[in-house]
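In what follows, a structure is listed as structure tokens, so that the remarks can point back to it.
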Amino acid sequence: MIQLEPHAEGVILSVRAQAGARSNGIQGTHAGALKVSVTQAPEKGKANKAIVAILAKQLRLRKSQIEMLSGETSPHKRFLIGDMAVDDLQGRIEASLT
């Protein structure tokens, strides 16, 4: 199960990123985090931008709702999903994994 942390401005989502993968998309869960793969190489923030785009599309969010809190150069990233309740985000994640 993915660990979601409530925050004053929304929800904190942990992501396990896999840059340079064969395909883009949400691949499931990994150690309490949402596993996201992107074909972009991890250089100059390209993979991070691709991850934001995938999260926005797959979880039906606006890109402006997604803010990276930590992990810019790490595969373990934390994003603040603004204007969202934990239950709402959990439902969107579950829908994207089926």
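Do the conditions hold for R78, that is, is it at pLDDT 95 or above and assigned to a strand (DSSP E or B)?
So R78 fits the description; yes.
Could you give me the residue pairs with C-beta distances under 6 Å whose first residue belongs to segment 15-42 and is in contact (Cβ under 8 Å) with a residue 24 or more places away in the chain and surrounded by fewer than 18 Cβ atoms within 10 Å (Cβ to Cβ), whose second residue is part of a loop (DSSP other than H, G, I, E, B) and hydroxyl-bearing (S, T, Y) wherever it lies, and which are 6+ apart or on separate chains?
Cβ pairs passing all conditions: N24/T39.
So I93 fits all but one of (1) of a type in the set (V, I, T); (2) in contact with a Leu (Cβ under 9 Å, 6 or more places away or on another chain); (3) outside any helix (DSSP H, G or I); what number is the exception?
Exception for I93: condition (3).
Please give the number of the condition K35 fails out of (1) assigned to a strand (DSSP E or B); (2) in contact with a Leu (Cβ under 9 Å, 6 or more places away or on another chain).
Of the numbered conditions (1) assigned to a strand (DSSP E or B); (2) in contact with a Leu (Cβ under 9 Å, 6 or more places away or on another chain), the odd one out for K35 is (2).
Condition test on S37, is it in contact with a His (Cβ under 9 Å, 6 or more places away or on another chain) and more than 14 Å from M1 (Cα to Cα)?
Spelling it out, it is not the case that S37 is in contact with a His (Cβ under 9 Å, 6 or more places away or on another chain) and more than 14 Å from M1 (Cα to Cα).
Working carefully through the options A47, A41, A21, find the one that is of a type in the set (A, V, I, L, M) and in a helix (DSSP H, G or I).
A47
Tell me which of these E67 doesn't satisfy, since it passes every other one: (1) among the acidic types (D, E); (2) under 23 Å from A85 (Cβ atoms); (3) not in a strand (DSSP E or B).
Among (1) among the acidic types (D, E); (2) under 23 Å from A85 (Cβ atoms); (3) not in a strand (DSSP E or B), the lone unmet condition for E67 is (3).
Output the residues belonging to segment 54-64 that are over 12 Å from I26 (Cβ atoms) and either within 10 Å of the chain's Cα centre (by Cα) or crowded, with 18+ Cβ neighbours inside 10 Å (or both).
L61
Return yes or no: is K44 out of contact with any Gly (no Cβ under 9 Å at 6 or more places or on another chain), more than 16 Å from A21 (Cα to Cα) and modelled with pLDDT under 95?
It is true that K44 is out of contact with any Gly (no Cβ under 9 Å at 6 or more places or on another chain), more than 16 Å from A21 (Cα to Cα) and modelled with pLDDT under 95.
Is it true that P6 is part of a strand (DSSP E or B) and either over 15 Å from Q90 (Cα atoms) or over 11 Å from the mean Cα position of the chain (by Cα) (or both)?
yes
The values are calculated or read from the model by the stated rules, or taken from the named source; none is laboratory data. Just so we're clear, the structure is a prediction, and the values are computed from it rather than from any experiment. Please note: Cβ atoms are built from the backbone with ideal geometry, for glycine as well, and neighbour counts cover all protein chains shown.
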